[in-house]
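Student: Below: one structure in structure tokens.
The values are calculated or read from the model by the stated rules, or taken from the named source; none is laboratory data. Predicted model only: the values in this text are computed from it and were never measured. Neighbour counts are summed over all protein chains in view; Cβ atoms, including those assigned to glycine, are modelled from backbone coordinates with ideal geometry.
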Amino acid sequence: MKALRNFIDKQKPHFEKGGKFQKFNSAFDSVETLFYVPDKVTKAGSHFRDAIDMKRTMIVVFIALIPALLFGMWNIGYQHFLSMGEAPDFWTMFFYGFWKVLPIIVVTYGVGLGLEIVFAQIRNHEVNEGFFVSGLLIPMIVPPETPLWQIAVAVAFAVIFGKEVFGGSGMNIVNPALTARAFLFFAYPSDMSGEKVWISEMADTYSGATPLGNALVGNFDNMPSQWEMFMGLLPGSIGETSTLMILIGALILLVTGIGNWRIMLSVFAGGYVMGLLFNLWGLNDYMNMDPLNHLLLGGFAFGAVFMATDPVTAAQTNKGMYIYGFLVGVIAILIRVFNPAYPEGVMLSILLMNVFAPLIDHYVIESNIKKRLKRLKIALKN
Amino acid sequence: MSAEVKEKEPLFSPKNLKLIKTPINLSNPITVQVLGICSALAVTAKLMPAIVLSISVVVVMAASNVVVSLLRNGIPPRIRIIVQLVVIASMVILVDQVLKAFVYDVSKQLSVFVGLIITNCIIMGRLEAFAMSNKPWPAFLDGIGNALGYGIILIIVAFFRELLGSGTLLDIQVIPDGFYEFGYKNNGLMILPPMALITVGVIIWVQRFYTRDLIEKN
């Protein structure tokens, strides 16, 4: 570690003002603060001292994503060989998936960080940590065979129009990772939905439809057992299939206090309640599906744990978080069951509620002010 | 009297030319005043309808500006909006009939949007703000200028939307087949209306990058 510190200190003058690489100062700074707590000190005003800053927060989320990512890699291999009717050993499957996912991750980080550095330089900002997690989220919510150039275009779109036009990380209205996913979904629908995209290099005779895709067309014969849904042995986007791995990630987020339990809880509650309501209604087989299945299938758990809880785009007030989360869950299931074009509604429902989150916060605060004014009036009267 | 005025002010004096130039850039109806957005979203999926609509708007706007400017002293202020609407509506009907007669296919694609030129806020706005209080010649130039400012943005947006969304320009394939064989796909999002809004946003961004005066100070 000492050698690293020395190395960084030695390189520092080159990147500071007047040095030969001063154009890359923001890039250098981002690397330095990744390894060490920044040595910059605020000079005025009162402030808290806390060991955790944005970079540390992001690293925890990153770690929480790892179980689902590793499982996703293995699952790609598993699904591929299953469709071929083969059953090789664990490592063959894992590395098959690993080599599928790695290029996607590399492209995402390359394009995303490249753009971040360009914008940071133009604006004289530091490179923001914001993309650190988005760059891992994006590969986890796309089908395994997504062409790399599409990923690059989508990441560029998400970084520029999802984030930088609003002023960079922390100022964005919608979640950048979901912006990338939504871009892909609408721009290249043939690579993003249907039966062909979820299993890489699938055998031709095999049906690669996801359970949600089957359910939407009224085919309930191949519905997997709840155990399979929970474990995630299903075709799907790279990191979303295994509810178990996502719950491990959720546990990490909750124990460290980084993820918000109110939002997670209310998203699941919203989804479950909506599923129950559909059961009461019960017009067709899809409405009669066990509400628990809704929570286990597709990207619901992933969205609830990693996407809806994004602290920038979610509601900020405690009461607002419950409303926000609940509506995310409700709308996700609504879209799934009702909209014949979209088998999965979590992405759209989170994006929609991202837009509404400030409004929810506004009314929560207004109602609180009104309540307190009323209390004050009564107190003054007595 | 009129000869005197002409001596003082030639037809294309700098002041008159300014009437055409400023709406194209500095006070562009779409990117600066943000008017007429709805038709900009609706007809820009392909280049051809956008060009035809732009030309129609130029004609309607120039003609109705001149007519209203001629009538300006005879219009009672209380019913001026109705009079203006009647003038615009008759111009739009003329244009619509001409389109139906000569470019029927495009007119079918534009469908309701030719009729909706009537409600285009740019035209009403210019009639109210300029033609009602200026002579016919400046009013004519102002109409041309504003309609061109509108049309240019429409055509730029349509150019990018058709190129990226369908791989064609004026329905002629531009992106070579080799690209498609290599795995390139048309971007379906560009065909959808939201992308028109984002494209307009990008144009505003670029314009403000070059003309810094447009950036609001706050």
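Student: Please state which of the following conditions B:V157 fails to meet, knowing it meets all the rest: (1) in a helix (DSSP H, G or I); (2) within 14 Å of chain A (Cβ to nearest Cβ).
Tutor: If we test B:V157 against (1) in a helix (DSSP H, G or I); (2) within 14 Å of chain A (Cβ to nearest Cβ), just (2) comes out false.
Student: Specify which of the listed residues (B:Q84, B:Q109) is polar (S, T, N, Q) and more than 24 Å from B:P193 (Cβ to Cβ). Walk me through it before giving the result.
Tutor: Working: B:Q109 fails: more than 24 Å from B:P193 (Cβ to Cβ).
Of B:Q84, B:Q109, the one residue that is polar (S, T, N, Q) and more than 24 Å from B:P193 (Cβ to Cβ) is B:Q84.
Student: Could you check segment B:204-218 and list, in sequence order, the residues that are surrounded by 13 or more Cβ atoms within 10 Å (Cβ to Cβ), within 13 Å of another protein chain (Cβ to nearest Cβ) and of a type in the set (A, V, I, L, M)?
Tutor: Residue satisfying the conditions is B:I204 alone.
Student: Does segment B:167-183 contain any residue that is within 14 Å of chain A (Cβ to nearest Cβ), assigned to a helix (DSSP H, G or I) and crowded, with 21+ Cβ neighbours inside 10 Å?
Tutor: no
Student: Ok, one more. Which of (1) closer than 28 Å to A:F95 by Cβ; (2) away from chain B (no Cβ under 14 Å); (3) assigned to a helix (DSSP H, G or I); (4) touching an Asp or Glu at 6+ places or on another chain (Cβ under 8 Å) is the odd one out, the single condition A:L212 does not satisfy?
Tutor: The failed condition is (1).
Student: Please count how many residues of segment B:200-217 are touching a residue at least 24 places away in the same chain (Cβ under 8 Å) and either touching an Asp or Glu at 6+ places or on another chain (Cβ under 8 Å) or part of a helix (DSSP H, G or I) (or both). Quick ask: steps written out before the conclusion?
Tutor: Quick first cut of segment B:200-217, residues touching a residue at least 24 places away in the same chain (Cβ under 8 Å) only: B:200, B:203-204, B:207, B:211, B:213-214.
Narrowing further to those that are either touching an Asp or Glu at 6+ places or on another chain (Cβ under 8 Å) or part of a helix (DSSP H, G or I) (or both): B:200, B:203-204, B:207, B:213-214.
Qualifying residue count, segment B:200-217: 6.
Student: In addition: Working carefully through the options A:S190, A:S225, A:S169, A:S242, find the one that is at pLDDT below 85, among the polar types (S, T, N, Q) and crowded, with 21+ Cβ neighbours inside 10 Å. Before the answer, list the steps.
Tutor: Details: A:S190 fails: crowded, with 21+ Cβ neighbours inside 10 Å; A:S225 fails: crowded, with 21+ Cβ neighbours inside 10 Å; A:S242 fails: at pLDDT below 85.
Checking each option against the conditions leaves just A:S169.
Student: Check A:E86, A:E126 and return the single one that is assigned to a loop (DSSP other than H, G, I, E, B) and without any contact (Cβ under 8 Å) to a residue 40 or more places away in the chain. Talk me through it step by step, then tell me what you get.
Tutor: Values: A:E126 fails: without any contact (Cβ under 8 Å) to a residue 40 or more places away in the chain.
It is A:E86.
Student: Kindly check whether there is at least one residue in segment B:26-48 that is among the basic types (K, R) and crowded, with 16+ Cβ neighbours inside 10 Å. Step through it out loud before you land on a result.
Tutor: From segment B:26-48, those among the basic types (K, R) are B:46; that's our starting set.
Narrowing the set further to residues that are crowded, with 16+ Cβ neighbours inside 10 Å leaves B:46.
Yes: one or more hits.
Student: So B:I93 clears everything in (1) within 23 Å of B:N28 (Cα to Cα); (2) in a helix (DSSP H, G or I) except one condition, right? Which one?
Tutor: (1)
Student: Quick check: is even one residue across segment A:349-360 under 13 Å from A:W261 (Cα atoms) and either modelled with pLDDT of 90 or more or not in a loop (DSSP other than H, G, I, E, B) (or both)?
Tutor: As a first pass, look at segment A:349-360 and keep what is under 13 Å from A:W261 (Cα atoms): none.
No: zero hits.
Student: Would you point out the residue of segment A:187-200, among those that are of a type outside the set (S, T, Y), in contact (Cβ under 8 Å) with a residue 40 or more places away in the chain and assigned to a loop (DSSP other than H, G, I, E, B), that is nearest to the other protein chains (Cβ to nearest Cβ)? If you could, list the steps in order and put the result at the bottom.
Tutor: Taking segment A:187-200 and keeping what is of a type outside the set (S, T, Y), we get A:187, A:189, A:191-192, A:194-199.
From what's left, in contact (Cβ under 8 Å) with a residue 40 or more places away in the chain: A:191-192, A:197-199.
Now restrict to residues that are assigned to a loop (DSSP other than H, G, I, E, B): A:197-199.
Numbers: A:V197: 13, A:W198: 18, A:I199: 19 Å.
Going through the qualifying residues, I end up with A:V197.
Student: Looking at B:S69, B:S64, which one is among the hydroxyl-bearing types (S, T, Y), touching a Gly at 6+ places or on another chain (Cβ under 8 Å) and surrounded by 21 or more Cβ atoms within 10 Å (Cβ to Cβ)? Reasoning before the result, please.
Tutor: On the way: B:S69 fails: touching a Gly at 6+ places or on another chain (Cβ under 8 Å).
Of B:S69, B:S64, the one residue that is among the hydroxyl-bearing types (S, T, Y), touching a Gly at 6+ places or on another chain (Cβ under 8 Å) and surrounded by 21 or more Cβ atoms within 10 Å (Cβ to Cβ) is B:S64.
Student: Give segment B:120-143 a look and list any residue that's surrounded by fewer than 18 Cβ atoms within 10 Å (Cβ to Cβ) and within 12 Å of B:V60 (Cβ to Cβ), or say none.
Tutor: Answer for segment B:120-143, where residues must be surrounded by fewer than 18 Cβ atoms within 10 Å (Cβ to Cβ) and within 12 Å of B:V60 (Cβ to Cβ): just B:M124.
Student: Of A:G249, A:G259, which residue is in a helix (DSSP H, G or I) and buried (at least 21 other Cβ atoms within 10 Å of the Cβ)? Talk me through it step by step, then tell me what you get.
Tutor: On the way: A:G259 fails: in a helix (DSSP H, G or I).
Checking each option against the conditions leaves just A:G249.
Student: Anything in segment A:123-169 that is of a type outside the set (A, V, I, L, M, F, W, C), within 25 Å of A:L70 (Cα to Cα) and more than 11 Å from chain B (Cβ to nearest Cβ)? List them, or say none.
Tutor: Residues satisfying the conditions are A:E129, A:G130, A:S134, A:G135, A:P139, A:P143, A:P144, A:E145, A:T146.
Student: Sticking with this structure for a sec: A:L184: part of a helix (DSSP H, G or I), surrounded by 23 or more Cβ atoms within 10 Å (Cβ to Cβ) and within 14 Å of chain B (Cβ to nearest Cβ), yes or no? Write out each step before concluding.
Tutor: On the way: part of a helix (DSSP H, G or I): yes; surrounded by 23 or more Cβ atoms within 10 Å (Cβ to Cβ): yes; within 14 Å of chain B (Cβ to nearest Cβ): yes.
Judged against the criteria, A:L184 is a match.
Student: Sticking with this one: If you take the residues in segment B:184-194 that are within 9 Å of another protein chain (Cβ to nearest Cβ) and within 23 Å of the chain's Cα centre (by Cα), which one is surrounded by the most Cβ atoms within 10 Å (Cβ to Cβ)? Outline the logic, then answer.
Tutor: We begin by selecting, within segment B:184-194, every residue within 9 Å of another protein chain (Cβ to nearest Cβ); these are B:184-190, B:192, B:194.
Next, from what is left, pick out any that are within 23 Å of the chain's Cα centre (by Cα): B:190, B:192, B:194.
Numbers: B:M190: 22, B:L192: 16, B:P194: 11.
Among those residues, the one meeting the criterion is B:M190.
Student: Right, next: Only one of (1) within 25 Å of A:S134 (Cβ to Cβ); (2) surrounded by fewer than 17 Cβ atoms within 10 Å (Cβ to Cβ) is not met by A:S349, so which one is it?
Tutor: Against the list (1) within 25 Å of A:S134 (Cβ to Cβ); (2) surrounded by fewer than 17 Cβ atoms within 10 Å (Cβ to Cβ), A:S349 comes up short only on (2).
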